Amino acid sequence: MDKIVLTGLHFYGYHGCLPEEKRQGQPFHIDLTLETDLGRAGQTDDLTQTVDYSAVYGVVKEVVEGPSFDLIERVGQVIAERILAEFPPVQALTVTVHKPQAPIGGPFDDAAIVLERRRHG
């Protein structure tokens, strides 16, 4: 399966379990790998034969900058569900949600979750 890879999508959201996270917000970074057949797009040079990653970006933006969730696991799950629902050519995807300012009580580079989802049926 071919892949479309989007890395380092940056947003500001209000996700977290702590009241200050929901009040102040913080940056979130998203990486996506979309598995799809890119053969037809490569042959035709036609955007309608692939997945429009600007439209995918818009979906991710709506989720991350939209209503608050407690867990980044939920943020990733909603992103995966929306992409599979709205982009039928995507057969599987990997979503990484980075929360680089997570309140974990000490210095660190990143906190992230990685979800892999496949289309059923």
Matching residues, region 9-29, being in a strand (DSSP E or B) and over 21 Å from THR50 (Cα atoms): HIS10, PHE11, TYR12, GLY13, GLN26, PRO27, PHE28, HIS29
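Would you please name the residue that is nearest to GLN91 (Cα to Cα), looking only at residues in region 41-55 that are within 15 Å of the chain's Cα centre (by Cα) and part of a helix (DSSP H, G or I)?
TYR53
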Return the residue satisfying two criteria in turn: it lies in region 30-82 and is free of Cβ contacts under 8 Å to residues at least 24 places away in the same chain and polar (S, T, N, Q), and of such residues it is most open to solvent (accessible area, probe 1.4 Å). GLN43
Over region 46-63, the set of residues aliphatic (A, V, I, L, M), within 23 Å of TYR14 (Cα to Cα) and out of contact with any Asp or Glu (no Cβ under 7 Å at 6 or more places or on another chain) is ALA55, VAL56, VAL60, VAL63
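Residues PRO103, PRO88: which one is of a type outside the set (A, V, I, L, M, F, W, C), outside any helix (DSSP H, G or I), open to solvent by 50 Å² or more (accessible area, probe 1.4 Å) and closer than 30 Å to LEU38 by Cα?
PRO88
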Go through (1) under 20 Å from ARG23 (Cα atoms); (2) touching a residue at least 12 places away in the same chain (Cβ under 8 Å) one by one and return the number of the condition ALA112 breaks. (1)
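Look at HIS10 and say whether it is under 11 Å from the mean Cα position of the chain (by Cα), open to solvent by 60 Å² or more (accessible area, probe 1.4 Å) and either at pLDDT 95 or above or not polar (S, T, N, Q) (or both).
yes
The values are calculated or read from the model by the stated rules, or taken from the named source; none is laboratory data. Predicted, not measured: the structure shown is a model, and the values here were computed from it. Please note: Cβ atoms are built from the backbone with ideal geometry, for glycine as well, and neighbour counts cover all protein chains shown. Note: areas computed on protein heavy atoms with side chains; ligands, DNA, RNA excluded. Shrake-Rupley method; radii C 1.70, N 1.55, O 1.52, S 1.80 Å.
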